[in-house]
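The values are calculated or read from the model by the stated rules, or taken from the named source; none is laboratory data. Computed from a prediction, not measured in an experiment: that's the story for all the values here. Backbone-built Cβ (ideal geometry, glycine too); neighbour counts: all protein chains shown. SASA here: full protein model, heavy atoms, side chains in, ligands and nucleic acids out. Shrake-Rupley method; radii C 1.70, N 1.55, O 1.52, S 1.80 Å.
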Amino acid sequence: MNLTRRNLVLGALATPLALSPTSSRAVEASLRSAANNRKLLYGAAVTEDALGIDPQYTNLLATEAGILVAEGVMKRKTLEPRKNQYDFTKAERIWRFAQRNGQIMRGHTLVWHEANPFWLKDALAGKPSDKIITEYISKVAGHFRGRLHSWDVVNEAIEPDEGNDQGYRVSSPWYEAFGPDYIEIAFHAARNADPDTLLFYNELNLEGDVWWAEKRRSATLKMLETLLKKNVPIDGLGIQSHLKAYRVRYDDGVFSAFLKEVSDMGLRILLTEFDIADIDGPDDPVQRDADVASLARRYLDVAFSNPNVQGCLTWGITDKYSWLSRYDNYMWPDGRLSRVLPFSEDMRTKPMHDAMLAAYQGS
Ligand code: G3I
């Protein structure tokens, strides 16, 4: 290969020039290198069952992602399958993959109302000690101490539909056992276990120009303000970014104003689980791809214009493995794959990829 200055520069970004799967031409830039150039992050959730099994997928993930997050294996159900018995095998396998490919990693998630081991329900019965939170976080965040970019310490604590005055998810086993205090308990435990890793609060459905998303944004901001006033060590807000191109209206101004409210609090912002559901879209996949790409570009242009936004991780990288093709609310009744991520099921770039690349390049 003729190593022009451009190739050398790209090479220096520790990102091999990948041959685009759509043609023999070298990809001008991977999402990873384009993000690097703008001092932003691009990465993806790892489909653990395909890693190392599906070579095309494995190579794509190694080439395109600069930061990785485990889609499932760093949740409590996997890490502590039995009380006080920890298993980091699957998580360390991803860590080693990231190390081999010069990638960083973030943790998802320490405290969530889902993906908990079967024994937890009994352990939370009665008046449990907060050690059920602090000892787990001390063990897990301690295990990864100094090795992660960030943690989603608490995930999805807000659910205004449940009628709580502050909009908390009161059906959470953590809320039932400890009230809202579980959140600050978790963050203090995480800071004690790993002083240098960024600690994020992660939330879904904050993005839309609809009344219920506004309620979620308001409750989330109020909760963050309360916690920060109490000096709870929160470094950032994770905005999951599961958009729905044909179901939930999106408005640049509404989203931009929300990002500013968050950054005005001094918090970092990360788009943590970006994908764009195409359910209820037109039958023609070309049109759906175009609509998804257009929304992706608008959304990222707004996000990347806020100086506190650190970057974006997509929730998966190829349509072949997206959760949206398995999840009742979003899967197509006729069984076709949802077209929601930057790469197609055969690992080729899609219009969404091109839109994301252009957003990272600021072109
Ligand atoms: O691996 C087992 C497999 O062996 C078994 O045969 C199969 C049958 O039940 O289950 C498989 O585990 C599933 C796992 O995904 C791997 O596919 C679990 O049942 C299933 O509950 C799990 O769902 C994940 C879900 O979080 C719950 O952990 C989804 O893949 C994952 O995309 C989803 O991600 C969440 C984020 O963590 C938080 N934000 C929302 C996002 C989407 O729901």
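Accessible surface area normalised per residue over the chain is 43 Å², counting heavy atoms of protein chains with a 1.4 Å rolling probe. Seen from A115, the other residues with C-beta closer than 10 Å to its C-beta sum to a net charge of +2, counting Lys and Arg as +1 and Asp and Glu as -1. Magnitude of the charge dipole for the stretch 36-145, about its Cα centre and with charges confined to Cβ atoms of Lys, Arg (+1) and Asp, Glu (-1), is about 380 debye. Here the peptides 122-134, 311-323 are ranked by packing, the mean other Cβ count within 10 Å, and the order with the highest first is 311-323, 122-134.
Within the straight-line cut-off of under 18 Å between alpha carbons, the lysines reachable from K90 are K75, K77, K139, sequence neighbours fewer than 8 places apart in one chain being disregarded. Comparing T226, T78, T109 in a Gaussian network model of the chain (Cα springs below 10 Å), the most mobile by mean-square fluctuation is T226. H143 contributes about 70 Å² of solvent-accessible surface, heavy atoms of the protein only, 1.4 Å probe. For T109, the residues whose modelled amide H falls within less than 5 Å of its own, excluding neighbours fewer than 5 places apart on the same chain, are K75, R76.
For the residues W332, W174, W212, a 1.4 Å probe over the protein chains yields an accessible-area ranking, largest first, of W212, W332, W174.
D252 label point, 7 Å along Cα→Cβ, cut-off 17 Å on backbone N: hits in the stretch 319-363? Under cut-off, by backbone N: 355-363. Our summary gives the stretch 102-183 a relative contact order of 40 percent, counting only alpha carbon pairs under 8 angstrom and 6 or more residues apart. Provide the net charge surrounding L313, with neighbours chosen by a C-beta distance below 12 Å and charges set as Lys +1, Arg +1, Asp -1, Glu -1. Local net charge: -3. Dipole size of the chain about its Cα centre, with +1 on Lys/Arg Cβ and -1 on Asp/Glu Cβ: approximately 1240 debye, rounded to the nearest 20.
Within the stretch 3-361, antiparallel bridges make up roughly 10 percent of the DSSP beta bridges whose residues both belong there. On the basis of the beta-carbon distance and an R0 of 35 Å, S305 and T226 show a calculated FRET efficiency of 0.80.
For the chain, modelled as a Gaussian network with Cα springs under 10 Å, which listed residue fluctuates most, Y182, Y327, Y250? Of the options given, Y327 has the highest mean-square fluctuation. Using the average count of surrounding beta-carbon atoms within 10 Å as a protection proxy, the listed peptides 157-166, 43-52 rank, highest first, as 43-52, 157-166.
With the highest mean first, a sort of the peptides 260-273, 189-202 on other beta-carbon atoms found within 10 angstrom per residue produces 189-202, 260-273.
When the solvent-accessible area of the stretch 284-363 is split by element, carbon and sulfur atoms take up 49 percent of it, the probe being 1.4 Å.
The value of relative contact order for the chain, using C-alpha pairs under 8 Å at least six residues apart, is 15 percent. Sequence-ordered 3J(HN,Hα) estimates for the stretch 177-187 from the Karplus curve with 6.51, -1.76 and 1.60 and θ = phi - 60° stand at 7, 10, x, x, 4, 4, 5, 5, 4, 5, 5 Hz, glycine and proline given as x.
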